[in-house]
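Quick note: the coordinates plus some simple rules give every number you see, no bench work behind them. Keep in mind the model is a prediction, meaning the values are calculated, not measured. Ideal geometry is used to build each Cβ from the backbone, glycine not excepted, and the neighbour counts take in all protein chains shown.
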Amino acid sequence: MVYNAEKYGIVPSCDVAEKLNNLLREMADVDGEKIIEFKPGIYYIYAENCPEEKLYITNTIGKKEYKSTDKRFMHRVMFNINNTSDLIIKGEG
């Protein structure tokens, strides 16, 4: 399935963080190959507009050792492609 980014409001020269995240969430439930096509241009993704996810960035401590209220492991994620497979991103420029 081909997704034209522009049809989702993802256009050059403005912050696309929220709209891109919405599209990626929608695509996570779709089986088969998925292609996002971007028009040529500069796309801005501001971290403050990206969703926060709890990420365990370590290979020495298990997630059972973290408290659910511990905020230091919350990170902004620009391209959350968790649970997404067969994804192709085309930037034609």
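Worth a mention:
- Prolate/oblate/rounded label for the stretch 1-50 (Cα gyration tensor, a/c 1.5): oblate
- Zone residues, the stretch 75-93, relative to V2, backbone N less than 14 Å from point 7 Å out along Cα-to-Cβ: 88-92
- Environment charge of Y43, counting only residues whose C-beta is closer than 12 Å and scoring Lys/Arg +1, Asp/Glu -1: 0
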